[in-house]
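Visitor: Let me give you the structure first, and then I'll get to my questions.
Coordinate-derived values only; no laboratory data. Given the structure is predicted, the values throughout are model-derived calculations rather than measurements. Here the Cβ positions follow ideal geometry from the backbone for every residue, glycine too, while neighbour counts run over all protein chains shown.
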Amino acid sequence: MPVVSIQPSGKTIDAAEGTRLLDILLNSGETIAHKCDGQAQCGSCHIYVQEGRKSVSKIQRNEHEKLDSIIGVGSKSRLACQVILGNENVSVELLGFSSGF
């Protein structure tokens, strides 16, 4: 069972492979914007996957297009609503602002 480490809170969560990262974050009590209900349309759940990027689902076209429209995107950027957890541990950084605008 993979472990999700969340920064800056320092929480670690045991999570099931195949689970959507946004659901993991919300179920852990983290506050993260998600205005489009996981449709990759708003970009408000923009996060950085610091470790374990090769284990999570690959970026699909709709996520890539939304990330292209967001300021502050880097090579570690993902939308939490589109990331499906693989079988390895993952470390994510929640951003301190809503980046979807």
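Visitor: Output the relative contact order of the stretch 20-73, whole-number percent, from Cα pairs under 8 angstrom with separation of 6+ residues. List each step's numbers first, then the result.
Guide: Numbers: 26 pairs, mean separation 14.9, N = 54.
Reported as a whole number, the value is 28 percent.
Visitor: Note down the relative contact order for the stretch 5-101 as a percent, whole number, built from C-alpha pairs under 8 angstrom at least six residues apart.
Guide: Numbers: 176 pairs, mean separation 41.0, N = 97.
Relative CO of the stretch 5-101 lands at 42 percent.
Visitor: For the chain, give me the percentage of DSSP beta bridges that are antiparallel, rounded to the nearest 5 percent.
Guide: Percentage antiparallel, nearest 5: 75.
Visitor: If you compute P(r) over Cα pairs in 5 Å bins from 0, in percent for the structure shown, which of (i) 2, 12, 21, 20, 13, 8, 7, 6, 4, 3, 2, 0; (ii) 2, 14, 28, 28, 19, 7, 1; (iii) 2, 12, 24, 28, 20, 10, 3, 0 do you land on?
Guide: (ii)
Visitor: Restricting to DSSP loop positions (anything but H, G, I, E, B) with no more than 15 other Cβ atoms inside 10 Å of their own Cβ, which trypsin sites (Lys or Arg not before Pro) remain in the chain? Could the numbers behind the result be given before it?
Guide: Details: sites: Lys11, Arg20, Lys35, Arg53, Lys54, Lys58, Arg61, Lys66, Lys76, Arg78; in loops: Lys11, Lys35, Arg53, Lys54, Lys58, Lys76.
Passing sites in the chain are Lys11, Lys35, Lys54, Lys58, Lys76.
Visitor: Moving on. What distance in nm lies between label points placed 7 Å from Cα along the C-beta direction at Asn27 and Ser91?
Guide: 2.4
Visitor: State the answer as a single residue: which of Gln60, Ile6, His34 lies farthest towards the positive end of the charge dipole of the stretch 3-94, with beta carbon charges of +1 for Lys and Arg and -1 for Asp and Glu, about the Cα centre.
Guide: Gln60
Visitor: Turning to a different aspect of this structure: I need the phi-derived Karplus couplings for the stretch 63-72: 6.51 cos²θ - 1.76 cosθ + 1.60, θ = phi - 60°, integer Hz, Gly and Pro marked x.
Guide: 5, 4, 5, 5, 4, 4, 9, 9, 7, x
Visitor: Taking neighbour Cβ counts within 10 Å as the exposure measure, how do Cys42, Cys81, Cys36 sort from fewest upward? Kindly include the intermediate steps, with their values, before the conclusion.
Guide: Values: Cys42 21, Cys81 27, Cys36 16.
Ranked by crowding around the Cβ, least crowded first: Cys36, Cys42, Cys81.
Visitor: Quick check: net charge around Leu85, other residues with Cβ under 10 Å of its Cβ, Lys/Arg +1 and Asp/Glu -1? The partial results should precede the final answer.
Guide: On the way: positive: Arg20; negative: Glu17, Asp23, Glu88.
Neighbourhood net charge equals -2.
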